[in-house]
1. What about Leu539, is it among the aliphatic types (A, V, I, L, M) and over 29 Å from the mean Cα position of the chain (by Cα)?
2. Hey, can you tell me all the residues within the range 195-230 that are part of a loop (DSSP other than H, G, I, E, B), among the charged types (D, E, K, R) and at pLDDT 95 or above?
3. With respect to Ala323, is the statement that it is under 19 Å from Asp220 (Cα atoms) and either assigned to a helix (DSSP H, G or I) or of a type outside the set (Gly, Ala, Ser) (or both) true?
4. If a residue must be of a type in the set (D, E, K, R) and modelled with pLDDT of 95 or more, how many such residues does the range 409-428 contain?
5. Run Ala291 past the list (1) touching a residue at least 12 places away in the same chain (Cβ under 8 Å); (2) of a type outside the set (Ser, Thr, Tyr); (3) touching a helix residue (DSSP H, G or I) at 6+ places or on another chain (Cβ under 7 Å) and report the number of the one that doesn't hold.
6. Show the residue pairs that are 6+ apart or on different chains and have beta-carbon atoms under 8 Å apart, the first residue being within the range 502-525 and free of Cβ contacts under 8 Å to residues at least 60 places away in the same chain, the second being small (Gly, Ala, Ser) and buried (at least 17 other Cβ atoms within 10 Å of the Cβ).
7. Scan the range 254-289 for residues that are outside any loop (DSSP other than H, G, I, E, B) and more than 30 Å from Val232 (Cβ to Cβ) and report the count.
8. Just wondering, is there one or more residues in the range 306-322 that are touching a His at 6+ places or on another chain (Cβ under 7 Å) and closer than 26 Å to Gly336 by Cβ?
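The values are calculated or read from the model by the stated rules, or taken from the named source; none is laboratory data. What you are looking at is a predicted structure, and each value in this text was computed from that prediction instead of being measured. So basically every Cβ, Gly included, is an ideal-geometry build from the backbone, and we count neighbours across all protein chains shown.
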Amino acid sequence: MKRQHRIALAALICVMMHRIVECFDNNKWTHKSITLIVICFFTIPFVYATEVAAGKTIISKNKTDIDDQTFISQYWKEQEIIFNTMYPGNLFYPGDIVTANVHITPCPLKTTKQLRAYIKVFDAYNREVAPIQQISLNEENGFAGLVNLPGKPGYYQVEIVVSDETNKNSMETRYAVIPAHFSKGINLSSPFGVNTHFNQGWSSKIGEIVKRSGIAWIRDGEAGPGDKAAQVAKDNDLCYMACFTAWRKKLADKFRETLKKDPDFNRQWDYAEQIKWHQEYTKKYHNYVHAYDIMNEPHGTWGAVLGGSWRGGQWLVTFADYAKHISRIIRKADPGEPIIWEDIDRLMWYDDFHKYNVADFIDVISPHTYNLHRKNPYPEDQPTIAQQDEWLNFLRKHNLSWQIWSGEVGFSSYELNPDNPSMFYSPHTELHQANMLVRMMVVQLAWGVKRIFWYDFMNDGWNINNPEHNFGIIRKDQLPKPAIVAYAYLIYRFKNIKTLIRFNIKPKDNVFAYCIMKEGQKEPTLIIWAKEGQETVDLFIVSNITKVAVTNIFGTSLEPISAVNHNLHLILKESPIYIEGFTIQDLR
């Protein structure tokens, strides 16, 4: 506020206060006195409001004795830099014009004629990948400007600093350039899924990011009469696995109450209410749902009441009986869609299910294949991987066509708190989380897992020391993490895949290589990495190729590797690389 305006405002206040005191002293509230007071009362805020509007500020300057520098400092504390790409999740496709609009809010003080914005761009490995850009933000452009960004495939971090040469503000944001996924309609054959929480309050807009990344399936808990995930799936052409949790605790409470009254109860439970509920759900949503998960992780809740442990026991007997009734009604109402019965973090309950004579009600066994314990951090060593022969022998022995779907699996990008370390899950950086995603997907698909649902799509919070807050492949603010870029590129690489076979390279326990062949493709692709640390490998090539092309997990091209005397010298790290240029004879 200008000095002359402050003087006028002070004068008005003095006149009003003097007249009020005078009226109280003389007890004379004349018409003239009241009129003058009312005029002053309404004029004072009008003068101030006019001055604020003229300065185009949103900052509240309530005290007349606040100095200009304090006012300016307060503005810079409240200033926010906005980075807007107009694309869901800041995910660009090749061919898109890779730009962003940068503007600030609230609009600067009237005395500010121009600001400078300095933009730096880094890749996933924190390497600066573009010259520093400067753009001018001023009254003429509305304190907004367009930024040109690197457009090659990959994951990018952006640092923006806005300054008036005296004050400055900064922000960090992200974007990515991923393969285009323009498929129309649902893709039931895709093995790639993700867990979501639309039924627990996620914005439906997040479904657009799922679709844009190329992920085909969502698995959402809390499926029920007002299923929000079903609508999101329909709107975005996503396949939907409905996961039921509504009756897990309610039934456990019923079991507890009944057994408390009669410890010798025969445990022949009545499920009429639950059967009706699932019947109504299936009738309402059968056109939206493409798979049914009977109950999410029943073991903890039911085991505590009925007896047994995560290995099984009495609770599993009751669950098998319950799931049989629910599966029967779902199959009758929506025949043809797969019905999923869960397992633990390894294959443990499936044999008991067969012994309980419920095999005809099961289409899919779905373990939650986390690397639960920190002493076993690598996806190549996940306990289910060692059970392949056991599983295949079981199917052959009983002539079953059951499939394995990993209903939940993920790695958390959290930091271990040394004062209060988490009991479960290994800590990972965001970059290492992306490595783990690719490695886990490849190993499990090669094993024979038919569908994999990463847990989960978005971070649940901001506590960096909480594993549960950091499983997402996008952040809580819906910005990309490296893992979503690696996932999108993996999906592109595995589209129309025909075969995925492990290619044995020594040392076999630390080098993992897989040969990928697509439909109609004559030349194979090799995806390869070291499980831990670094490995040097010399790969003998029978053909006369002179070099191979190399791409990282984000789709960014790396330096080609030359073949010397039929030999490829590879330095492998924990991050997988895709290698192309082989003949089929080279990888036999």
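1. Yes, satisfied.
2. Matches in the range 195-230: Lys205, Asp227.
3. The answer is yes for Ala323.
4. Count: 1.
5. For Ala291, the exception is condition (3).
6. These pairs meet every condition: Arg502/Ala446; Arg502/Ala513; Asn504/Ala513; Ile505/Ala513; Asn510/Ala530.
7. Looking only at that region, the number is 9.
8. Taking every residue of the range 306-322 in turn, none turns out to be touching a His at 6+ places or on another chain (Cβ under 7 Å) and closer than 26 Å to Gly336 by Cβ.
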